[in-house]
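So the structure is just underneath, and the comments pick up after that.
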Amino acid sequence: MISGLYHGQDGDSRLELRVDVDGARPTGRVSGDLFTVSGATTSYAGSFVADSPAVRSEGGETRVEGRGRFTFDTTATDVLVVISGAGATASVAGRRYDVAFISPYFRSVLLEQDSVVGAVPFVSYHTGSLPGPAGSPPRQLTVAAAYAEAGIELRVADPEVIPVDGSGADLVWDDAELHHAMTRHFGSYGDAAAWRVWLLVASRHVRGLRGIMFDYQDDHQRQGAAVFHDAVNGTRPEDRRAQLRTYVHELGHAFNLLHSWEKHLATPPLPLGPEAGFGDLSWMNYAYSYRPGGEPAYWAAFPFHFTDSELAHLRHGFYRDVVMGAHGFGIGAAEIEPFEQPVEDHSGLRLELRGKEAYELGEPVVVELKLSRTGGPRTTHGHLHPDSGFTQVSITRPDGSTVLYRPMLRQCVDDAPQITLDDGNPALYRSAYLGHGRDGHLFQQPGEYHVRARYVAADGSHVVSPALLVRVRRPATPDDHRVAELMLGDEQGQLFSLLGSDSPALRSGNEALDEVIDRYGAHPLAGYARLVKGLNAEREFKEMVPGEGLRVRPPDPKQGIRHLSRVVREAGVDNITLNLVMRRLARAEARQGDLGRANAVLDRMVATFQAKGVNPIVMGQIRRQAELTKAALGAQAP
């Protein structure tokens, strides 16, 4: 067997060569990364791959030869590897390297896995514990073993159990806390590309997720992921099997693998598998989304490996497309074609976008998504928010270019909230902040924008909304100009996406929002700054302190009430956001020890939406929500 990783050097050029023509699941490729050595420094120079090389063996010598694709311009595109008992050579881009065999693994990654006290990490699962597909050998799989079968070595650093400083902490994590934890605690975190990734085993996520690849918004992404113990906990074989899939799935995102139904959106795009990707037997699919047959059919057929195209990406994707901290997750902000309505649509579903008549420059662009039926009852999933990955949004700018909105954080909604749209529940609503994503602010200039959304239904149907016209006004006064400047910073956009943060990395953004409140408190956009500051103050904030463990900043209900009560009075936010604000305001009042004021806020919430003329079915949901919140706050009262 000759497949594996080889290293060689020719003068100042170093080659990391991957030969993949025999052994376990060979992809029939040769690839490599080139680096320039200068003194005591080494810099990345480029990558190549020969997709279908010819392999000839004769007289103890094997020649692998093919035409290569390069990340840089070269007239010498032929790649030749010669391996014999006397040694090995590689001819690449006009240079000849003497290469030596290094490892049977094609790539090696350092995995630093830490856990919060009480969150016990997954260890292993034996694939013969439950029925599986014929021809898939039963074996003991750890996360490292699953990647080893893909030809990727995970070198696991010594794990750390992180103690908690703060009695009574509920240890519910939100996205802002996760990213801050990585920047403070991950020993190898940095603003550079490197084969290293951090996996945090936490208690539970505020949205009930099983896992999340949360490093998704800066120039050096894909360095951090988390799995949530409370969502995947259990000792039954079914539980351990689900834990293994969750761990491997989230780390797959760190290698820049998208969900199975999204692979065509990657750069470079990967082909969609059967059933528009939902038929992939892959770690990167959701078991409940598998078609045909759903979760039982998935586990009955899943051989516990990546698909062939995913395997080729892991082993032979260009360096910057795979290594952590290099190219961002999925596609860049390059232009795309606006989403178009299907030629035929028999889905029985309608998708609509709603927004304000006009937005001020710098105002957070929040739209409402509505999914309804066009005929009889329809059953689908409830993942309507763009953060879930089942709904994409295209934005056509005033200059005519169209970009894909990519949320700052990508959530893995690995459950099946099936909903039925019928007379008793005719529509599903979600509110989404589209003003800022992982590519920065998307509405940075005055003018007219056309926004379209595409929802991937449970049966695979692509339901496309009509275009929503979003008008962004020109600033009319000097104060409008200054407030717009203070609202449009990148850190401010991240704070709007995260609904606030204590992270020192976002200090200048918080200072800008403070200036909006302090100097321009009467301006209409000051309400959005109060929204972010109030929601962040009202909740606790977790901070991982190296050498000390997890420190929990308790909620500041007084500060939360000060900001959120003003947001409610001014009523400048959309209905779904106002609903959230009033429930959080009620929680802050209860934390202050005034359950009567908390209940009064919830009563006012019902009256507010009643006065707005909200339809009776939605009003019924709001009343139930208010009563449930009252009961929960009453149960928590001392």
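The values are calculated or read from the model by the stated rules, or taken from the named source; none is laboratory data. Please read these numbers as outputs of a predicted model, since none were measured by experiment. Quick reminder, even Gly has a Cβ in these numbers, built from the backbone with ideal geometry, and neighbours come from all protein chains shown. Just so you know, the surface numbers come from the protein's heavy atoms only, side chains and all, with ligands and any DNA or RNA stripped out. Shrake-Rupley method; radii C 1.70, N 1.55, O 1.52, S 1.80 Å.
Couple of notes before you dig in:
- Placing dummy labels 7 Å off each Cα toward the beta-carbon, the span from residue 352 to residue 101 is 6.6 nm.
- Contour excess over end-to-end distance, with Cα ends at residue 41 and residue 370 and 0.36 nm allotted per residue: 113.0 nm
- Helices in the chain, meaning DSSP H runs of at least 4 residues, each add -39500 (n - 2.57). Divided by all residues, the mean residue ellipticity at 222 nm is -8500 deg cm²/dmol.
- One Cα centroid belongs to region 545-591, the other to region 89-135; the line between them spans 43 Å.
- About the Cα centre, charge dipole magnitude for the chain (Lys/Arg +1, Asp/Glu -1 at Cβ), debye: 1360 debye
- For region 454-554, GluC sites (Glu not before Pro) meeting the loop criterion (DSSP other than H, G, I, E, B) and having at most 11 other Cβ atoms within 10 Å: 548.
- In Å², nearest 10: area of residue 614 left accessible to a 1.4 Å probe: 30 Å²
- Among 289, 323, 398 the positive-end extreme of the charge dipole of region 249-399 (Cβ point charges): 289
- A simple count of charges around residue 293, restricted to other residues whose Cβ falls under 15 Å of its Cβ and scoring Lys, Arg +1 and Asp, Glu -1, yields -3.
- Of the chymotrypsin sites (Phe, Trp or Tyr not before Pro) in region 1-110, the ones in a loop by DSSP (not H, G, I, E or B) with at most 13 other beta carbons within 10 Å are 72.
- Net charge of neighbours whose Cβ lies under 9 Å from the Cβ of residue 144, counting Lys and Arg as +1 and Asp and Glu as -1: 0
- Taking only protein heavy atoms and a 1.4 Å probe, the accessible area of the chain is 50% carbon and sulfur.
- Rounded tilt (10° steps) of 557-570 against the dominant C-alpha axis of the chain: 70 degrees
- Residue list for region 577-620, given a label point 7 angstrom along the Cα-to-Cβ vector of residue 571 and an amide N cut-off under 17 Å: 577-583, 601-615, 619
- Cross-link partners of residue 612 among lysines (Cα-Cα below 17 Å; sequence separation of 8 or more within a chain): 356
- Rolling a 1.4 Å probe across all protein chains gives residue 402 an accessible area of roughly 0 Å².
- Where the chain is the region considered: accessible area per residue in Å², 1.4 Å probe: 41 Å²
- Degrees between helix 526-538 axis and first principal axis of the chain (Cα, 0 to 90, nearest 10): 80 degrees
- Order of exposure, largest accessible area first, which applies to 73, 114, 239 with probe 1.4 Å: 73, 239, 114
- Amide N of region 60-97 lying under 16 Å from the label point, which is placed 7 angstrom from the Cα of residue 12 along Cα→Cβ: 95
- The candidate values are (i) 57; (ii) 45; (iii) 49; the one derived from this structure for percent of Cα pairs over 34 Å apart carries the label (iii).
- Between the residues 520, 501, 577, the greatest Cα displacement towards the positive end of the dipole of region 487-616, with unit charges on the Cβ of Lys, Arg, Asp and Glu, is found for 577.
- Filtered GluC sites (Glu not before Pro), region 280-366: DSSP coil and at most 10 other beta carbons within 10 Å: 344, 357
- Calculated FRET efficiency, residue 490 to residue 129, Cβ-Cβ distance, R0 = 51 Å: about 0.60 to the nearest 0.05.
- A dipole drawn for the chain from +1 and -1 charges on Cβ atoms has a positive end, and of 437, 613, 85 the residue lying farthest that way is 613.
- Note on residue 481 and residue 507: the model spin-label points, each 7 Å out from Cα along the C-beta direction, lie 3.0 nm apart.
- Using a simple spin-label model with pseudo-atoms 7 Å out from Cα toward Cβ, residue 597 and residue 423 lie 4.6 nm apart.
- Distance between region 1-70 and region 418-453 - C-alpha centres, whole angstrom: 45 Å
- Folded to 0 to 90 degrees: helix 507-519 orientation relative to the chain principal axis, Cα: 20 degrees
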